[in-house]
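Let me begin by presenting the structure, written as structure tokens, before commenting on it.
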């Protein structure tokens, strides 16, 4: 059976793959977008019920598509995100093939051969837009947790009602961890939250959404080649934010007020006991100091750009309260804990990529989306080209630049 | 960045960081100490050799430490107690961290004083109460730092030094320890 030929293949029909398609179409580069499930697949199958975007609606912009609804300061629910991405696919008439699973991409004499569940495609360029969060990262010590404790990842978790009764240990205090800790605690299950390094942010600052500040002040414009420690920036946990109609702040003090008990980073599980780091205070200090530095840069920008009058007065938030005596261990066999939720991050899955461009840590080697193999590109990864890249509103500039490069590559190769 | 003179060769450390990113085997160090029991609860500990960067090394000079217990333990007090050596390690590690981070951030230090207190309920080691642990209940480090920097920058130095401290990590996180008879 001979392989089909197209110029470019895009892997994944989420916002990133569809944005790639938008700019490929713009340049009349023939291409297909391969999607293992439906458009916006991970939003349909891998998200918990209460989730909303962290970014306000007015930032939910895609190439050629602006938010025009009634609530620019609100946050899209998951069904609304799916419908946004579907609308984007429809208006751009992206050549999406759904239900096509890519099982291999490997080098070929004139580009790449893409093997799918529906046959083979030869192409000259591939855009990897399969997402940054394909697999929950669960630490190896999960293997030592006693069998009596139910273990869930954010992919398994839908709502607190499906958890067993009793206490819940939530491991990780990024956006996922704090959001799940809050709703599980509210469901009547006492939550212990294991906190490592985290990013504390208020939901609103001086009367504006904190992400308005990130956007307007230029923090998000910082280019990947200007970031001092890019590896670290790309692995930064998501900020402690939640999108709610009330625009409430969900930092650790808010969780403590709900009754959530804070403990240090989960360091080991030994003889059925979870052992937590005694370094919790410093985790709080680091996050408080970083937040205050960031707010300081916002204040400087507002002052220097003459916008002090448009926003509220300067605010500073009280430091994270340190519990009197944080617990250092928890007996997982005592029955106190019925379930553990691993909110310990996500990682991409490149198991299908038979091109040597993945580093020892499982991350793609790329320079601003230009992968370390001619004709191979990536989109939709954290801090891909700018800090904004991590968010939906970052995809337009990224996709334009990456497809620019791809078009230039095709032109040179003739 | 202004030139500071804290005396830490930060460039060498930054260079090493880059080199060792691609050579994890060279980054494997083994630190050693050897103790010889003297009499009673008095031991003498010598430290000289270590392994790292793929080969054996010696410190310029051998260091000799006496460890004993004080009069109130009905001992001879020929040296500090072993658990006090942990405080020595913690204070020196965090102070080294403060100096290194300050150098890297261009902050001139004028003086750095760390006071460390470990709170210890000795009923644990005496076996007087099985619910009391043997080690410290908690440890408090207080830094007095005079530097050409704001209070917030100084707090950030101290926070970063904890984040990168070997002894802070060793004390706050469990470590797998094997003790055997040769």
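Return the residues of region B:159-173 that are in contact with a helix residue (DSSP H, G or I) (Cβ under 7 Å, 6 or more places away or on another chain) and either facing chain A (nearest Cβ under 7 Å) or crowded, with 17+ Cβ neighbours inside 10 Å (or both); say none if nothing qualifies. Once the filter is applied, which keeps residues that are in contact with a helix residue (DSSP H, G or I) (Cβ under 7 Å, 6 or more places away or on another chain) and either facing chain A (nearest Cβ under 7 Å) or crowded, with 17+ Cβ neighbours inside 10 Å (or both), region B:159-173 yields B:159, B:160, B:161, B:162, B:163, B:165, B:167, B:168, B:171. Quick check on residue A:79: is it modelled with pLDDT of 95 or more and in contact with a strand residue (DSSP E or B) (Cβ under 7 Å, 6 or more places away or on another chain)? Here the answer is no, as residue A:79 does not meet what is asked. Output yes when any residue across region B:140-153 is within 26 Å of residue B:5 (Cβ to Cβ), buried (at least 17 other Cβ atoms within 10 Å of the Cβ) and away from chain A (no Cβ under 14 Å), and no when none is. Yes: region B:140-153 contains one or more residues that are within 26 Å of residue B:5 (Cβ to Cβ), buried (at least 17 other Cβ atoms within 10 Å of the Cβ) and away from chain A (no Cβ under 14 Å).
Could you please find all residues in region B:55-86 being part of a helix (DSSP H, G or I) and under 19 Å from residue B:34 (Cα atoms)? Matches in region B:55-86: B:82, B:83, B:84, B:85, B:86.
Does residue B:113 count as in contact with a strand residue (DSSP E or B) (Cβ under 7 Å, 6 or more places away or on another chain), surrounded by fewer than 19 Cβ atoms within 10 Å (Cβ to Cβ), assigned by TED's automatic domain parsing to the domain that holds residue B:138 and in contact (Cβ under 8 Å) with a residue 60 or more places away in the chain? Criteria not met by residue B:113.
Residues in region A:114-144 that are surrounded by fewer than 19 Cβ atoms within 10 Å (Cβ to Cβ) and more than 27 Å from the chain's Cα centre (by Cα): A:115, A:117, A:118, A:119, A:120, A:122, A:144. Residue B:112 passes every criterion in (1) in contact with a helix residue (DSSP H, G or I) (Cβ under 7 Å, 6 or more places away or on another chain); (2) within 14 Å of chain A (Cβ to nearest Cβ); (3) outside any helix (DSSP H, G or I) apart from (2). In region B:63-91, the qualifying residues are those that are touching a residue at least 60 places away in the same chain (Cβ under 8 Å) and surrounded by fewer than 20 Cβ atoms within 10 Å (Cβ to Cβ), and the one that is farthest from residue B:121 (Cα to Cα) is B:89.
Among the conditions (1) touching a strand residue (DSSP E or B) at 6+ places or on another chain (Cβ under 7 Å); (2) over 22 Å from residue B:47 (Cα atoms), residue B:152 misses just one, which is (1). A single member of A:241, A:258 is more than 15 Å from the chain's Cα centre (by Cα) and modelled with pLDDT of 95 or more, and it is A:258. Among the residues of region B:92-109, those that are part of a helix (DSSP H, G or I) and buried (at least 18 other Cβ atoms within 10 Å of the Cβ) comprise B:93, B:94, B:95, B:97, B:98, B:99, B:100, B:101, B:102, B:103, B:104.
Collect the residues in region A:266-291 that are within 8 Å of chain B (Cβ to nearest Cβ) and in contact with a helix residue (DSSP H, G or I) (Cβ under 7 Å, 6 or more places away or on another chain), keeping them in residue-number order. Answer for region A:266-291, where residues must be within 8 Å of chain B (Cβ to nearest Cβ) and in contact with a helix residue (DSSP H, G or I) (Cβ under 7 Å, 6 or more places away or on another chain): A:268, A:277, A:278, A:279, A:282, A:285, A:286, A:289.
Scanning region B:23-45 for residues that are part of a strand (DSSP E or B) and surrounded by 10 or more Cβ atoms within 10 Å (Cβ to Cβ), we see that the one that is farthest from the chain's Cα centre (by Cα) is B:38. Can you confirm whether residue A:337 is surrounded by 20 or more Cβ atoms within 10 Å (Cβ to Cβ) and closer than 30 Å to residue A:278 by Cβ? Yes: the conditions hold for residue A:337.
Looking at A:219, A:242, A:199, just one residue is surrounded by fewer than 18 Cβ atoms within 10 Å (Cβ to Cβ) and outside the structural domain of residue A:390 (by TED's automatic domain parsing), and that residue is A:219.
The values are calculated or read from the model by the stated rules, or taken from the named source; none is laboratory data. Note that the structure is predicted; figures quoted are calculated from it, not measured. Don't worry about glycine lacking a Cβ; one is built from the backbone with ideal geometry, like all the others, and counts go over all protein chains shown.
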